[in-house]
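The values are calculated or read from the model by the stated rules, or taken from the named source; none is laboratory data. The model shown is predicted, which means the values in this text are computed figures rather than measured ones. Neighbour counts run over all protein chains shown; Cβ positions are idealised from the backbone, glycine included.
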Amino acid sequence: MLRNRIYYGLKPFVPQSLRTAIRRKLATRLRKHVGDVWPIIPGSERPPNNWSGWPGGKKFAFVLTHDVESKAGVDKCKSLAQLETDLGFRSSFNFIPEGNYRVPAELREELTARGFEVGIHDLKHDGRLFASRRKFKRRAVRINDYAREWGASGFRSGFMLRNLDWLHDLEMQYDASTFDTDPFEPQPDGGHTIFPFWVPRPNGDSITKDRSTINSSSKGYVELPYTLPQDSTLFLLLGERTPEIWLRKLDWIAAHGGMVLVNVHPDYLQLNGELGSKRNYPAALYRDFLEQVRQRYGNAFWQPLPKEMASFIAQLEFRPTVHRPRRICMVTHSFYESDNRVTRYAEALAARGDLVDVLALRQSPDLAKKESVQGVRVFRIQDRFGKKERSKLAYLWPLLRFLGLSSLWITKGHLRKPYDLFHIHNVPDFMVFAGWYPKLTGARIILDIHDIVPEFFASKFRKGAEGITFGLLCWMERASAAFADHIIIANHLWLEKYSRRTRTIGRCSAYINNVDASVFIRRTRQRNDGKLVVLFPGGLQWHQGVDIALRAFSTLRAELPHCEFHIYGDGNAKESLVRLSADLGLNGSVKFFKPCSVREIAAIMSEADLGVVPKRADSFGNEAYSTKIMEFMAVGVPVVVSNTKVDRYYFNDSVVRFFESGDPDALAREMMALLRDGQLRRHLIIRASEYAATHSWENRKRDYLGLVDSLCVPDNQGSATVRMRKTA
């Protein structure tokens, strides 16, 4: 991060007392805003993949480590080791090979002879270890030389700066440069786990090493995150006077069977008769903590040295692995809470531990401009309290404004803390250019085509597929596709047309609106009012054909007077649909409702008797896939569908009832048949439910997550220049 480079470049010229005072003030202020992720971050208690438990059936593991940062710290090592020995504990002491002190060989030998461990702490401890890939390779050679000389198995970087991919250059059995959560660190993104895990070499590659190598990381290494706050953070920066936070976090980790790992610096302990100051804290706090561990848990925990922990993990037949969180930003000119295509992606990423931000519209002043929804941070950066656009200019202006706002937000956010990937949704296609700055720095971009814009625009404004406007939209479509790293298309019919028209064959994937089976589920019927409810939830545009459904319902109601038609949605056709309903004399039996969130509409759909998807088979509607069909199937409601090309591609007469597009009489007949024939309804519901289960989002989600992982460039410090060259 640029901020860290500047800080460590200026650090030698700033008095330590001033640096410490500034850090204390910043940490105190930050603490007020991180209570939801520190010292416990939700989700970090989930065991990694292939986790099989601790040796001997122990409840949890307890690991002690020490980073020695100064000559004063070196002088206290023996006393600290004795304190731990007296209480029946062992630990690892990590020394700086080329720091501002000399590491006596006699001290290293005495510690190991007493059952302690000696590890490597950075090289110079100057914050520059990961400044560039080329320099790291040179420094790794020297670190490996020290590891051989000292017989060291483990490494921890200075200031917890890290690049887990580069660390494969070290001939170490384990690394301990990460944490589960610590927002006070210079590189604050943690591993979100309280368990040790295996870090395989990227792409499964292996490297050949000299046979004299004592520890080979040719296939990977073990990562040991510290899971209790560092003593310097707790007692020096935040001014705690008891080990209560340590003990509270200890109990939580023990309850979830994780690894308790703490980093205590001898430099900051009051030992050997040292007087108290702002630079140290009483060693009695550490002693009290260790005594409490024994009193509370006796021998219920395993207390290995870090190298013993690493050996245990490395020798497992199936080594535990964790997903390293990505930083993902999504952009959508829609209402997040009701856009199920966007929510599926975002929640799938957040559920596996990725940090997901979504930029969206705000449809009501009652909604917060920023909130967390199912682990996704939603930022509503532009208000849209009604869809009034009737002209091309009125339609274009809000899009351009949203492009400007999202571009500014993304640039500022990416400068503050870089994102790995941007998933940008159309309409419009040119929204992809909001990621222009991150693209220059190497971030990857997915463009998600919900609707192919030239045909959508022609349908919306009743224009043909010709003329200068259509040509300009096709040009913008090609330019936007060229800018993206990968394009997702909403159905297979559009995949061929779009990839051919934009010359992006090989960079496109089709992801239909698979139903989210965790949201759209069969529910016990709550409504018992004796009415029959026909339902349409969706956008109110001309191509959706809701006017056709209204005319069909007029015929249906003459036969079934207790029937009602409920319409949930908004769009530029809403006013004309309200007028048509009045002209047909349907007031009272047709009810219009505002759009609802995805979860709200799922519950509403499950209470309906019949769903309708009456799209027009024009140039756009004929190929526009509707997610509503499978959602009705999943909640157990039969659905009547327009006989369009795209719906015939995905469905057949065994799961839906088709009617000839544009024919209200044909729609009325199919609606009547399903509402009157109970056996027909039951057979259709059974087959449709099976189809929805087979084509659920759960079965497609892993493909999307795999796509994201394949596109994400590792979060490598110092590699922005290299990535910029590759993407230019």
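Filtering region 474-504 to residues that are of a type in the set (A, V, I, L, M) and surrounded by 21 or more Cβ atoms within 10 Å (Cβ to Cβ) leaves ALA481, ALA484, ILE487, ILE488, ILE489, ALA490.
Restricted to region 577-635, and to residues there that are among the β-branched types (Val, Ile, Thr) and closer than 16 Å to VAL533 by Cβ, the residue that is farthest from the chain's Cα centre (by Cα) is VAL590.
Each residue in region 306-340 was checked for being in contact with a Leu (Cβ under 9 Å, 6 or more places away or on another chain) and β-branched (Val, Ile, Thr), and 4 of them qualify.
Criterion first (assigned by TED's automatic domain parsing to the domain that holds VAL342, surrounded by fewer than 21 Cβ atoms within 10 Å (Cβ to Cβ) and modelled with pLDDT of 90 or more) does ARG507 satisfy it?
yes
Is it the case that some residue within region 591-598 is more than 19 Å from PHE335 (Cβ to Cβ), modelled with pLDDT under 95 and aliphatic (A, V, I, L, M)? No, region 591-598 contains no residue that is more than 19 Å from PHE335 (Cβ to Cβ), modelled with pLDDT under 95 and aliphatic (A, V, I, L, M). Remark: pairs (first residue in region 507-525, farther than 16 Å from GLU698 by Cα; second residue assigned to a loop (DSSP other than H, G, I, E, B) and of a type in the set (Asp, Glu); Cβ separation under 9 Å; 6+ apart in sequence or on different chains) = ARG507/ASP485; ARG523/GLU607; ARG525/GLU607.
Just a yes or no: is a residue in region 340-356 without any contact (Cβ under 8 Å) to a residue 60 or more places away in the chain, among the hydrophobic types (A, V, I, L, M, F, W, C) and either within 30 Å of ASN94 (Cβ to Cβ) or part of a strand (DSSP E or B) (or both)? Yes, that holds for at least one residue.
For region 184-198, the candidate set comprises residues that are part of a loop (DSSP other than H, G, I, E, B) and more than 15 Å from LEU228 (Cα to Cα); within that set, the residue that is modelled with the lowest pLDDT is ASP189. Residues in region 691-703: is at least one surrounded by 17 or more Cβ atoms within 10 Å (Cβ to Cβ), outside any loop (DSSP other than H, G, I, E, B), free of Cβ contacts under 8 Å to residues at least 60 places away in the same chain and assigned by TED's automatic domain parsing to the domain that holds ALA552? Scanning region 691-703 turns up no residue that is surrounded by 17 or more Cβ atoms within 10 Å (Cβ to Cβ), outside any loop (DSSP other than H, G, I, E, B), free of Cβ contacts under 8 Å to residues at least 60 places away in the same chain and assigned by TED's automatic domain parsing to the domain that holds ALA552. The set of residues in region 556-578 being closer than 14 Å to PRO537 by Cβ and assigned to a strand (DSSP E or B) consists of PHE565, HIS566, ILE567, TYR568. I'd like to verify a number: residues in region 514-553 that are out of contact with any helix residue (DSSP H, G or I) (no Cβ under 8 Å at 6 or more places or on another chain) and outside any loop (DSSP other than H, G, I, E, B), how many? Within region 514-553, residues that are out of contact with any helix residue (DSSP H, G or I) (no Cβ under 8 Å at 6 or more places or on another chain) and outside any loop (DSSP other than H, G, I, E, B) number 2.
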